[in-house]
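Q: Starting off with a structure, shown below.
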Amino acid sequence: MYTPDHFREDRPDVLHDAMRKIGFATLVTTGLEANHLPMLLQDGVLRGHVARANPVWKAGDGAALAIFLGPHAYVSPSWYPSKAVAGKAVPTWNYITVHARGALRWVQDADWLRAHVTALSDAHEAGRAEPWQVSDAPASYVDSLLRAIVGFELAIETLEGKYKLSQNRDAADRDGVREAFAREGRGDLAGLMKP
């Protein structure tokens with residue numbers, strides 16, 4: 001990924017936090033096969049699953065890339081105060097993304113799969129007034145669904161982060177973009193652009 005220094009984010013804690021918050025990634029495997037999947041980060045390993053009918057797991061273990069795309073939005077040149085002075089502004093896009101690369105291993109163990117779907121559900125149900133749990137469904141039904149999936153673990157070897165949030169603009173232009181995002185209901189991006 002092309003990442004100029006002013007957009008580079010390489011603090012592991014920040015990247016891990018982004019991956020947990022986003023929770024959904026594109027898994028790119030051998031042959032440039034891409035699948036869009038929920039993933040759970042646990043102890044430096046991304047865990048997820050695919051439908052057994054999805055042939056991606058039949059290619060076997062190997063190198064993989066998980067791409068997490070976070071908040072993103074169009075940036076209008078009219079948001080830059082400098083445009084009114086010099087007129088030199090063009091549209092762009094602000095976004096955050098994290099790329100996690102590593103060795104991918106496919107898992108068919110029923111106990112692993114049950115623990116995985118339980119942890120994944122628990123993570124996404126946390127904070128709800130009445131969180132759903134895997135144990136709320138009939139055991140025979142859950143067992144049949146577990147037979148229909150294949151799990152995976154991607155042991156993260158490298159992390160790359162790109163936080164393109166108008167850092168290449170002066171303070172007034174950054175403020176203009178942040179304020180415009182806030183006005184348009186994009187508090188997610190405005191919050192990431194705090195001075």
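Q: Given the residues Arg174, Arg183, Arg114, Arg105, which is the only one that is over 20 Å from Leu40 (Cα atoms), charged (D, E, K, R) and surrounded by 14 or more Cβ atoms within 10 Å (Cβ to Cβ)?
A: So the residue among Arg174, Arg183, Arg114, Arg105 that is over 20 Å from Leu40 (Cα atoms), charged (D, E, K, R) and surrounded by 14 or more Cβ atoms within 10 Å (Cβ to Cβ) is Arg174.
Q: Among what's in region 117-143 and is open to solvent by 40 Å² or more (accessible area, probe 1.4 Å) and among the polar types (S, T, N, Q), pick the residue that is farthest from Ile22 (Cα to Cα).
A: Ser140
Q: Quick one: how many residues across region 91-147 are out of contact with any strand residue (DSSP E or B) (no Cβ under 6 Å at 6 or more places or on another chain) and of a type in the set (Ser, Thr, Tyr)?
A: Looking only at that region, the number is 6.
Q: Here's something else I'd like to know. Name the residue, out of Leu120, Leu192, Leu154, Leu104, that is of a type outside the set (D, E, K, R), within 30 Å of Tyr74 (Cβ to Cβ) and under 20 Å from the mean Cα position of the chain (by Cα).
A: So the residue among Leu120, Leu192, Leu154, Leu104 that is of a type outside the set (D, E, K, R), within 30 Å of Tyr74 (Cβ to Cβ) and under 20 Å from the mean Cα position of the chain (by Cα) is Leu192.
Q: A further question on this structure: With region 119-195 as the region, which helices (runs of 4 or more DSSP H) entirely inside it contain at least 2 residues that are under 30 Å from Ala84 (Cα atoms) and at pLDDT 95 or above?
A: Helices (runs of 4 or more DSSP H) meeting the threshold: 171-183, 187-192.
Q: Which condition does Trp57 not pass, out of (1) open to solvent by 30 Å² or more (accessible area, probe 1.4 Å); (2) out of contact with any strand residue (DSSP E or B) (no Cβ under 7 Å at 6 or more places or on another chain), if it passes all the others?
A: (2)
Q: Sticking with this one: For region 35-50, indicate whether the set of residues that are touching a residue at least 24 places away in the same chain (Cβ under 8 Å) and either surrounded by fewer than 13 Cβ atoms within 10 Å (Cβ to Cβ) or farther than 28 Å from Ala123 by Cα (or both) is non-empty.
A: no
Q: So is Ala25 part of a strand (DSSP E or B), in contact with a strand residue (DSSP E or B) (Cβ under 8 Å, 6 or more places away or on another chain), open to solvent by 30 Å² or more (accessible area, probe 1.4 Å) and of a type outside the set (Ser, Thr, Tyr) or not?
A: no
Q: Would you point out which residue out of Val14, Val90, Val75, Val85 is buried (at least 17 other Cβ atoms within 10 Å of the Cβ) and among the aliphatic types (A, V, I, L, M)?
A: From the options Val14, Val90, Val75, Val85, the qualifying one is Val75.
The values are calculated or read from the model by the stated rules, or taken from the named source; none is laboratory data. Keep in mind it's a predicted model, so treat the numbers as computed, not measured. A quick note on method: Cβ atoms are made from the backbone with ideal geometry, for glycine too, and the neighbour counts reach across all protein chains shown. Surface accessibility is based on the protein's heavy atoms, side chains included, excluding ligands, DNA and RNA. Shrake-Rupley method; radii C 1.70, N 1.55, O 1.52, S 1.80 Å.
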